[in-house]
Amino acid sequence: MTQPQTTKSTPEAAGFASLPASFDDVRRQTNVQGLKAASIVAFIVVASFAAVEYYVVPEHFPLLQVLRAVCLLVLAVVAGLAFRARAWTCRHVDVLMIGAFWICGWYSIALMSLHDGYQSPFFLTLVFSIVGVSAVTLWTLSTALIFMVLMIGSYLAPLLVGLIDVTHPDAFLIQLSFLLGMA
């Protein structure tokens, strides 16, 4: 009994021939698909928070609308790039993904800061950004660390520049611990 010989014309070999050259190419293409979905979902979620903010923080509603408009503009541009500029977007997908989620994170931090500071339940919108990026990306460890340092640093920025005081250290430590755990 002889062993069957495989040639390059078998279906298995033909499938491998059509794969991109490296794991990084596959990772970037996967991230472009994730960027498409994430930018649309984030756009819808950020846009839908207007009614909640009008009810919860009406005194800051005009400012939040300006911040929302900036966030939505960035998300729309990122979505446009994800759907149109395929080769360019594939090369820069990690930066675009970090930018899209970081702007959502800053919007969440502004909302949290204007509501109840580090006691605000809007802190959960920041968690949503961190979980969201984890669900749709394949990042190298260094890229993931950069993103998490940016998000945790952004969370701490209002405290560090004196915009928010920590009035309930236990709530602050719980939220910070939760963010670090998510990171």
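The values are calculated or read from the model by the stated rules, or taken from the named source; none is laboratory data. Given the structure is predicted, the values throughout are model-derived calculations rather than measurements. No Cβ is skipped: glycine too gets one built from the backbone with ideal geometry, and neighbour counts run over all protein chains shown. What goes into the accessible areas is simple: the full protein's heavy atoms, side chains included, and nothing from ligands, DNA or RNA. Shrake-Rupley method; radii C 1.70, N 1.55, O 1.52, S 1.80 Å.
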Discussion item. Test of understanding: in a Gaussian network model of the chain with alpha carbons linked when under 10 Å, which of Leu160, Leu114, Leu81 would top the mean-square fluctuation ranking?
Written reply: Leu160
Item to complete: Once you've got the GNM for the chain with C-alpha springs shorter than 10 Å, pick whichever of Ser113, Ser22, Ser129 has the biggest mean-square fluctuation.
Response: Ser22
Item to complete: Pop out the Kirkwood hydrodynamic radius of region 77-183 from its pairwise C-alpha distances, inverse of mean 1/r, in Å to one decimal.
Response: 14.6
Worksheet item: Quick one: in the chain, what % of C-alpha pairs are over 30 Å apart?
Response: 31
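Which of rounded, prolate or oblate describes region 62-107 when judged by the alpha-carbon gyration tensor and an a/c cut-off of 1.5? Walk me through the numbers on the way to the answer.
Working: a/c = 5.24, a/b = 2.07, b/c = 2.53.
Oblate is the answer for region 62-107, as a/c is 1.5 or above yet b/c matches or exceeds a/b.
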Item to complete: Pop a pseudo-label 7 angstrom from the Cα along the beta-carbon direction at both Phe178 and Ala50 and give the gap in nm to one decimal.
Response: 2.8
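With n ≥ 4 as the cut-off for DSSP H runs, can you work out [θ] at 222 nm for the chain, using -39500 (n - 2.57) per run divided by the number of residues, rounded to the nearest 500? List each step's numbers first, then the result.
Numbers: 8 runs with 142 residues, N = 183.
Helix contribution divided over all residues of the chain: -26000 deg cm²/dmol.
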Worksheet item: Mean separation of Cα pairs under 8 Å and 6+ residues apart, divided by the residue count of the chain: what relative contact order is that in percent?
Response: 24
Worksheet item: Can you pull the accessible area of Trp106 for me, 1.4 Å probe, Å² to the nearest 10?
Response: 110
